Amino acid sequence: AQSVTQPDIHITVSEGASLELRCNYSYGATPYLFWYVQSPGQGLQLLLKYFSGDTLVQGIKGFEAEFKRSQSSFNLRKPSVHWSDAAEYFCAAFTGNQFYFGTGTSLTVIP
Amino acid sequence: EAGVTQFPSHSVIEKGQTVTLRCDPISGHDNLYWYRRVMGKEIKFLLHFVKESKQDESGMPNNRFLAERTGGTYSTLKVQPAELEDSGVYFCASSQRAEVGEQYFGPGTRLTVL
């Protein structure tokens, strides 16, 4: 069965530190992969997506993600975190007709 | 351009009552989706409309849930009667092209059933 796993429920980082949020998917083929962010009171905002081609994708707000087929992973990274990045992050896989989301990773940024 | 809007933002009801959630998609988006996130769990697909037709309702949990999209514009999701396990955040999303998964999400409706 298709599934998306985000092993980290909550992460705390210092402002200015680097960030990596983990995501693994389980699917027979390579799905379309997405990262969304949800700030309090807001909807899910698309950060970036991978369909095919270059395995390193750039997104908004300075985020990037790398698709690794051998590891079935699509980890999200940012070199320097800002306090405004505190939010909940969701990894998702789209299989052509349905989205499968991870359980989300809540990010806290400390001064 | 306005994004996807949902109403209400919060709803607190008692077990056995009825609640209706509303979603207004982005203008011109034929595809409309409902999702639900139970606390601590993943966001799960409920159903997909193409215009006013239900394309896929495989995620609807049971027959207490009724979704409509009359006229192919806004959609409603009614829960009747509500049970405790229906508590969660209900998201709506819309898209122009269903096949590439680029969906725009609303802020969600937080439903609490007491």
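The values are calculated or read from the model by the stated rules, or taken from the named source; none is laboratory data. Worth saying up front: this structure is predicted, and the values here are computed from it rather than measured. Every residue, glycine among them, receives a Cβ derived from its backbone with ideal geometry; neighbour counts consider all protein chains shown. Protein only, heavy atoms only, side chains kept; ligands, DNA and RNA dropped before computing areas. Shrake-Rupley method; radii C 1.70, N 1.55, O 1.52, S 1.80 Å.
Output the pairs from B:15/B:78; A:78/B:41; B:15/B:51 with a Cα-Cα distance over 21 Å in this structure; if there are none, say none. Please report the intermediate quantities before stating the final value.
Values: B:15/B:78 14 Å; A:78/B:41 25 Å; B:15/B:51 32 Å.
Those over the limit are A:78/B:41; B:15/B:51.
Taking each pair of distinct Cα atoms in the stretch A:3-110 once, what is the resulting Kirkwood hydrodynamic radius in Å? The partial results should precede the final answer.
Numbers: mean 1/r = 0.0725 Å⁻¹.
Its Kirkwood hydrodynamic radius stands at 13.8 Å.
Couplings for the stretch A:26-41, taken from phi via the Karplus curve 6.51 cos²θ - 1.76 cosθ + 1.60 with θ = phi - 60°, read 10, 6, x, 10, 7, x, 6, 10, 9, 10, 10, 10, 10, 8, x, x Hz in order; Gly and Pro are left as x. Taking θ as phi - 60° and the Karplus parameters 6.51, -1.76 and 1.60, the scalar couplings of the stretch B:86-100 work out to 7, 4, x, 10, 9, 9, 10, 9, 9, 8, 7, 10, 6, 6, 9 Hz in sequence order, x denoting glycine and proline. Where Rh is the Kirkwood radius over the Cα pairs of chain B, the temperature 20 °C and the viscosity 1.002 mPa s, what D in µm²/s does Stokes-Einstein return? This corresponds to a translational diffusion coefficient of 154 µm²/s. For the stretch A:43-48, backbone phi angles converted through the Karplus equation (6.51, -1.76, 1.60; θ = phi - 60°) give residue-by-residue couplings of x, 5, 10, 6, 8, 6 Hz, Gly and Pro being listed as x.
The calculated pair-distance distribution of the protein assembly as shown uses every alpha carbon pair, bins of 10 angstrom beginning at 0, and gives 8, 33, 35, 19, 5, 0 percent. If you take the Cα centroid of the stretch A:55-111 and the Cα centroid of the stretch B:89-114, the two points sit 18 Å apart. Excluding ligands, DNA and RNA, the accessible surface per residue across the stretch A:3-110 is 45 Å² with a 1.4 Å probe. Remark: relative contact order (the stretch B:5-113) = 36 percent; criterion is Cα-Cα distance under 8 angstrom and separation of 6 or more residues.
Once backbone amide H atoms are built at 1.01 Å from N, residue B:43 has A:101 as its partners under 5 Å, excluding neighbours fewer than 5 places away on the same chain.
Compute the label zone of residue A:95 within the stretch B:43-63: residues whose backbone N is under 16 Å from the point 7 Å along Cα-to-Cβ. Backbone N within reach: B:43-48, B:56-60.
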